[in-house]
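Accompanying notes for the structure given below.
Please treat every number below as a calculation from the coordinates, not as lab data. The model shown is predicted, which means the values in this text are computed figures rather than measured ones. We place every Cβ from the backbone using ideal geometry, glycine too, and count neighbours over all the protein chains shown.
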Amino acid sequence: MKGYTVLEATTGAEGVRLALEGNPDLILMDIHLPDINGIAAQAKIRAVPLVRKVPVIAVSASVMPEDQQQIIASGFDAYITKPLNMRNFLVSVEKLLGGNSA
């Protein structure tokens, strides 16, 4: 969709590995993952200088204010709730990519 190339991981550890190997322009990180949570995975990514500045969007179904505050405070560049509103989602992606669409 929109010409983006997407790499997909199903666990936090796999997501960290893809982020470190894949040279991404943007990372979408689900918060609830089967092994480590998205906050811990994002911290591992931020610890590596080569990918430290890659924007990371948190994606979660949680609408509890305390959960949202914890997610935002952990250093994500944006936070999007599920279910995704595609229009708002694409606006957030394009904003973090600086208007680049591929």
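Just add up the charged neighbours of residue 80: K/R +1, D/E -1, any other residue whose Cβ is under 15 Å from the Cβ of residue 80.
-1
Would you work out if segment 12-96 is rounded, prolate or oblate? Take a ≥ b ≥ c from the square roots of the eigenvalues of the alpha-carbon gyration tensor; rounded if a/c is under 1.5, else prolate when a/b is larger than b/c, oblate otherwise.
On the way: a/c = 1.70, a/b = 1.25, b/c = 1.36.
Here segment 12-96 falls in the oblate category.
Among the aspartates and glutamates, select those whose C-alpha is under 16 Å from the C-alpha of residue 44, and discard any that sit fewer than 8 residues away in the same chain.
Output for residue 44: 14, 21, 30, 35, 77.
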